[in-house]
Amino acid sequence: MRELRAIEAALIGTFEQGGFREVRTPTLEYADALELGDGGSSGSAYRFFDERGELLALRTDMTIPIARLVADRFRDVEPPHRLSYVANAYRAVTPQRGELREFGQAGIELIGVAGPEGTAEVVELLDRSLTAVGLTDAVIGLGEDGLWTALLQDAGAGPETIDRSSELLVAHDLVGVERVLVESDELDAGAISQATDLIQLRGGGEVLEKARGLGGEGFADALASLTRNFEEISARGLERKVLIDLGMLREIGYYSGATIEVYDETVGDIIGGGGRYDDLMNRFGLDLPAAGFTLYVERIHKAQLERGVAAGSGGDSVR
Amino acid sequence: MFDELRRTGGKLKLAVPRGALLGETLDLLDRVGIDTAEARGGSRSLVFDGGELMLITMRPSDVPTYVSAGAADVGITGKDVLLEQSDRPVYELVDLGIGPCRMVLATQKGDIAPSEHQRRLGMMKIATKYKRIAEEYFAEQGRQVELVEVKGSIELAPLVGLADGIVDLVATGRTLAENNLEVREEILSSTGRLVANRVSYRIRREEVDDLAGRLREAVRTAGES
């Protein structure tokens, strides 16, 4: 517990330094409010009724509760809003897999700063947060949410092919993606091999060079957005920390534009994630762009143990 | 060698399936220049040094477990196994074309067709090792079945009246024929796949891409010859 507290303290301290103030929201939310934000994805695994028969649910992350909080209480406050949290969230598990139904998240929400500038601020603070917990070798994956859909639309794929292949891409089934494109009979062989090559491109700035000029207008727009994000991040000296990934597609339903995943070689799972969600606030009646990230506290802890580092030590050994 | 397995940034670890897929897997690895001599010996060891990468051998159904957890960076296993364990997230990179087989619904020769059986009795009892695949198949068609999970020699179940039919993997169909069973419906077809851990796929991308590229090329040229 002392070690977990140290992680939380190091992260909250870093968030404070970046100008992000800690907020707290209820563990229980109205199921309607969560579903409004999630846009029809699976929603909370744990639901129950209150004393009047209203459906309540345990939150699955902090992004939607904070969006609701801002819409409720910050309506008359001049944006941007810089908010942070350390809180538990709840997700369904497969029994006996060592997965946690209740797990710790520490993260930030930057509401009211649009475009590459906002995205880069989020990535910069993420990088500082990883340093604060001693994970200096962690890698920040950077994707672009609309890339795949645009690429397929440009190539002439129909909505069903886009849906089915997107589902498979979220599940990381690249063999299946190729099969769906072939079976759809909507794309020629050249477009299929280009699409399946593109989603396997990941690396530094050279990835953007390789992809430039490919696809049609929609793809070019999405790639330009990714490029602007990467340039703004590079301007802050962080290009070596970021791994551009043209095949990243996250399953949560509210992303628009940049998506973020955090990897550390010592942990087989992602240790954090985030991105932009410029339409999310709108669902709560407030038209503000937003972005943020969250780190999974228990997985940070595991990475620290594997690497022999402690929170706040900036990478020094525990012993 | 055992230190190498725990070293962060050490040689890439490849999960190799024992059993029916082993021979073809090792042949394929040979063709892309990985040293499989040690793994082919009669050794009881589970871990072999393949030169550029470490080979760790296990049951095919354990491959998703090891790879999704990052205990192995990459692995080879059947699509049937990946579908049965679709809740374990791994990258599926290459269709290796090895170990082709079909997942089928089979019943005893001379029995009435499963659809007729279903119509008369309302439901069927099906024995299988592949609970998730069978469940999805019957649910999709709105057919009511009771699934009986058995671990081995599924062919036995209908012969002694434990079940009306079985959902199982067949390659040649010989085992079915020898046990008086015949294929009634085909559920899916499966081949061996190269899979990768989600984090290794990013952090060890040069090595993962290199291996995937060489295997893809080997599969392609084998298909042409």
Notebook entry, point to check: Quick check, is A:V309 within 14 Å of another protein chain (Cβ to nearest Cβ), of a type in the set (A, V, I, L, M, F, W, C), in contact with a strand residue (DSSP E or B) (Cβ under 8 Å, 6 or more places away or on another chain) and buried (at least 23 other Cβ atoms within 10 Å of the Cβ)?
Noted result: no
Next item on the list: Just name the residue that is farthest from B:T8 (Cα to Cα) out of those in the stretch B:187-199 that are at the interface with another protein chain (Cβ under 8 Å from one of its Cβ atoms) and under 21 Å from the mean Cα position of the chain (by Cα).
Entry: B:R193
Notebook entry, point to check: Hey, any hits in the stretch A:15-32 for a residue that's closer than 24 Å to A:V133 by Cα, of a type in the set (A, V, I, L, M, F, W, C), surrounded by 13 or more Cβ atoms within 10 Å (Cβ to Cβ) and touching a Gly at 6+ places or on another chain (Cβ under 9 Å)?
Noted result: yes
Note to self: I'd like to check which strands (runs of 3 or more DSSP E) are fully inside the stretch B:70-118 and have at least 2 residues that are within 13 Å of chain A (Cβ to nearest Cβ).
What the structure shows: B:74-78, B:91-95
Next item on the list: Taking only the stretch B:83-93 into account, find how many residues are of a type in the set (A, V, I, L, M) and surrounded by fewer than 22 Cβ atoms within 10 Å (Cβ to Cβ).
Entry: 1
Next item on the list: Could you give me the residue pairs with C-beta distances under 8 Å whose first residue belongs to the stretch A:177-199 and is in contact (Cβ under 8 Å) with a residue 40 or more places away in the chain, whose second residue is surrounded by 13 or more Cβ atoms within 10 Å (Cβ to Cβ) and not in a helix (DSSP H, G or I) wherever it lies, and which are 6+ apart or on separate chains?
Entry: A:A195/A:L187; A:L198/A:L214; A:L198/A:G215; A:L198/A:L246; A:L198/A:G247; A:I199/A:L246; A:I199/A:G247
Margin query: Is it the case, given these coordinates, that B:G223 is within 14 Å of chain A (Cβ to nearest Cβ) and small (G, A, S)?
Written below: no
Note to self: Could you go through the stretch B:111-126 and let me know if any residue there is surrounded by 23 or more Cβ atoms within 10 Å (Cβ to Cβ) and either free of Cβ contacts under 8 Å to residues at least 12 places away in the same chain or over 30 Å from B:A218 (Cβ atoms) (or both).
What the structure shows: yes
Note to self: Going through B:I154, B:I166 one at a time, which residue ends up being under 22 Å from the mean Cα position of the chain (by Cα) and in a loop (DSSP other than H, G, I, E, B)?
What the structure shows: B:I154
Margin query: Based on this model, can you work out whether B:A72 counts as assigned by TED's automatic domain parsing to the domain that holds B:M124, touching a residue at least 12 places away in the same chain (Cβ under 8 Å) and farther than 14 Å from A:R97 by Cβ?
Written below: no
Margin query: Looking only at the stretch B:43-61, how many residues end up being buried (at least 19 other Cβ atoms within 10 Å of the Cβ) and either touching a Gly at 6+ places or on another chain (Cβ under 7 Å) or among the charged types (D, E, K, R) (or both)?
Written below: 1
Note to self: Testing B:A72 on (1) at pLDDT 90 or above; (2) over 25 Å from A:I270 (Cα atoms), one condition comes back false. Which one is that?
What the structure shows: (2)
Next item on the list: Considering each of B:R202, B:R184 in turn, give the residue that is within 30 Å of B:K13 (Cα to Cα) and either within 14 Å of chain A (Cβ to nearest Cβ) or in a strand (DSSP E or B) (or both).
Entry: B:R202
Checklist line | Of residues in the stretch A:229-262 being of a type in the set (D, E) and within 14 Å of another protein chain (Cβ to nearest Cβ), the one nearest to A:D163 (Cα to Cα) | finding: A:E251
Margin query: For B:L211, only one of the following conditions fails: (1) crowded, with 18+ Cβ neighbours inside 10 Å; (2) more than 12 Å from chain A (Cβ to nearest Cβ); (3) farther than 25 Å from A:R240 by Cα. What is its number?
Written below: (3)
Checklist line | Filter result for B:A171 (over 23 Å from A:T94 (Cβ atoms), at pLDDT below 95, buried (at least 18 other Cβ atoms within 10 Å of the Cβ) and of a type in the set (G, A, S)) | finding: no
Next item on the list: Tally the residues that are under 20 Å from B:R214 (Cβ atoms), part of a loop (DSSP other than H, G, I, E, B) and small (G, A, S), restricting the search to the stretch B:15-55.
Entry: 3
Next item on the list: Confirm whether B:Y66 is among the aromatic types (F, W, Y), within 14 Å of chain A (Cβ to nearest Cβ) and part of a helix (DSSP H, G or I).
Entry: yes
Check: Out of A:T94, A:T60, which single residue is closer than 22 Å to A:I252 by Cα, modelled with pLDDT under 90 and over 22 Å from the mean Cα position of the chain (by Cα)?
Finding: A:T94
Next item on the list: Under 7 Å between Cβ atoms, at least 6 apart or on separate chains: pull out the pairs that start in the stretch B:33-50 with a residue that is over 23 Å from B:V219 (Cβ atoms) and end on any residue that is surrounded by 11 or more Cβ atoms within 10 Å (Cβ to Cβ) and among the β-branched types (V, I, T).
Entry: B:L46/B:I56; B:L46/B:T57; B:V47/B:I56
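The values are calculated or read from the model by the stated rules, or taken from the named source; none is laboratory data. Fair warning: this is a prediction, and the values are worked out from it, not measured in the lab. FYI the Cβ positions are ideal-geometry reconstructions off the backbone, even for glycines, and counts take in every protein chain you see.
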